[in-house]
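K.L.:
Sharing a structure, written as structure tokens. Questions coming.
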Amino acid sequence: MSGVPVFTARHVEQAVSPGRAVDAVRDAFVEHAAGRWTMPPKVYVTNYPAGDFRAMPALGGGYALLKWINSFPGNPELGLPTVSGVVLLSEAESGQLRAVLDAGSVTALRTGAAAVLAAELLGRTDAGTAAVIGAGVNGRAAARTFVARGRNVVLWDVDAVRASDAARELECGVAASLHEALGADIVVTVTPGHHSLISKETLRPGQHVSLMGADGPGKSEATNAALTTSTLFCDDWEQASHGGELAHAVDAALVARDDVTPIGEVLAGDRPGRTSADEVTMFDSTGLAIQDLAVALAAFEAAGELEGLQRLDL
């Protein structure tokens, strides 16, 4: 069949289940740690305070990818999505474009997958309660992934109606308060990153926290004191130290490269993860183009199973 397939959000979600996304993202981290999948740091084109644009390229598995995506936190008040954009997937050898995908759905899938993968890898083996703070698109994706993996999860959001609607959709619980959510064995924060929710005082022995919201300059979900009292992991040091949760602690000379372990090295068996039951582990996710590549490839592989997939002749 001729033409370049165009994957709408619906097609991406049909093609890639939350469980498949976890497997794809796990493989991407390992390939990146081994140097087989590569990417430069994402490029920001800022238009603050309105929002920003991001260009994210990656190469691996015989394909090259470019994600052009934006984040405009005020968009929901205008009836528009916070995150939108496109993903372009090309053959690495010939340069031929092979697929165009909705970037928002790819981002949500890999964000939820990374949050849960880190929790499963770095959380205590006997961890019981899990909470997702932030019930936007990516927060719902994290909660959906927890549910798909068979773990009970509760949601909390500053907008109680949004949290309730999301919980009803996902068939999960709602935390009675922010305090309750912060006390879970596993905490995932998916907020705009304007305020630090995680402090030294909120942390509990043995807790794991996946910080997913602070993915750009000036954002934070955890205080420096919380970071420096935890065992730290990240998706990619270059991105995390310049534009992620760790950036403010790095700028203050409180955290250095040797203090942080890339999660891909743990997944590959090259570095340890959690080493004690009382240890507090914290994962800083900035979102990687290799993760987008993994999810895009998973969707592309399932193209033949999808109905109503339109194609472009370019």
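K.L.:
Do you know which residues across the range 14-55 are over 23 Å from A92 (Cα atoms) and in a helix (DSSP H, G or I)? First the steps, then the outcome.
P.N.:
We begin by selecting, within the range 14-55, every residue over 23 Å from A92 (Cα atoms); these are 14, 17-20, 22, 44-53.
Residues satisfying the conditions are Q14, P18, G19, R20, V22.
Residue by residue, here is whether (1) within 17 Å of the chain's Cα centre (by Cα); (2) closer than 30 Å to T231 by Cα; (3) surrounded by fewer than 24 Cβ atoms within 10 Å (Cβ to Cβ) holds:
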position	(1), (2), (3)
V87	yes, no, no
R110	yes, yes, no
A119	yes, yes, no
D126	no, yes, yes
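K.L.:
Within the range 115-144, which residues are of a type in the set (D, E) and in a helix (DSSP H, G or I)? Before the answer, list the steps.
P.N.:
Within the range 115-144, the subset of a type in the set (D, E) is 120, 126.
Across the range 115-144, the qualifying residue is only E120.
K.L.:
Could you give me the residue pairs with C-beta distances under 6 Å whose first residue belongs to the range 190-212 and is over 14 Å from P73 (Cα atoms) and in contact (Cβ under 8 Å) with a residue 24 or more places away in the chain, whose second residue is among the hydroxyl-bearing types (S, T, Y) and part of a loop (DSSP other than H, G, I, E, B) wherever it lies, and which are 6+ apart or on separate chains?
P.N.:
S196/S220; S196/T223; S199/T223; K200/T229; M212/S285
K.L.:
Please enumerate the residues belonging to the range 173-198 that are of a type outside the set (A, V, I, L, M) and on the phi < 0 side of the Ramachandran plot.
P.N.:
Keep residues of the range 173-198 that are of a type outside the set (A, V, I, L, M), which gives 173, 177, 179-180, 183, 185, 189, 191-196.
Within the range 173-198, G173, S177, H179, E180, G183, D185, T189, T191, P192, H194, H195, S196 qualify.
K.L.:
What do you reckon, is D185 of a type in the set (D, E), farther than 22 Å from E201 by Cα and more than 18 Å from the chain's Cα centre (by Cα)?
P.N.:
Details: of a type in the set (D, E): yes; farther than 22 Å from E201 by Cα: no; more than 18 Å from the chain's Cα centre (by Cα): yes.
Spelling it out, it is not the case that D185 is of a type in the set (D, E), farther than 22 Å from E201 by Cα and more than 18 Å from the chain's Cα centre (by Cα).
K.L.:
Here's another thing I want to ask about it. Which condition from (1) assigned to a helix (DSSP H, G or I); (2) within 18 Å of Q291 (Cα to Cα) is the one that R10 breaks?
P.N.:
(2)
K.L.:
Among R144, R204, R162, R149, which is the only one that is closer than 30 Å to N47 by Cβ and outside the structural domain of V22 (by TED's automatic domain parsing)?
P.N.:
On the way: R144 fails: closer than 30 Å to N47 by Cβ; R204 fails: closer than 30 Å to N47 by Cβ; R149 fails: closer than 30 Å to N47 by Cβ.
Criteria check complete, one pass: R162.
K.L.:
Looking for whichever is surrounded by fewer than 24 Cβ atoms within 10 Å (Cβ to Cβ), in contact with a Pro (Cβ under 7 Å, 6 or more places away or on another chain) and modelled with pLDDT of 95 or more here; the options are A166, A160, A175, A148. Which one fits? Full working, then the answer.
P.N.:
Working: A166 fails: in contact with a Pro (Cβ under 7 Å, 6 or more places away or on another chain); A160 fails: in contact with a Pro (Cβ under 7 Å, 6 or more places away or on another chain); A175 fails: in contact with a Pro (Cβ under 7 Å, 6 or more places away or on another chain).
The match here is A148.
The values are calculated or read from the model by the stated rules, or taken from the named source; none is laboratory data. All values derive from a computational prediction rather than experimental measurement. When we count neighbours, we look across all protein chains shown, and the Cβ atoms used for this are built from the backbone with ideal geometry, even at glycine.
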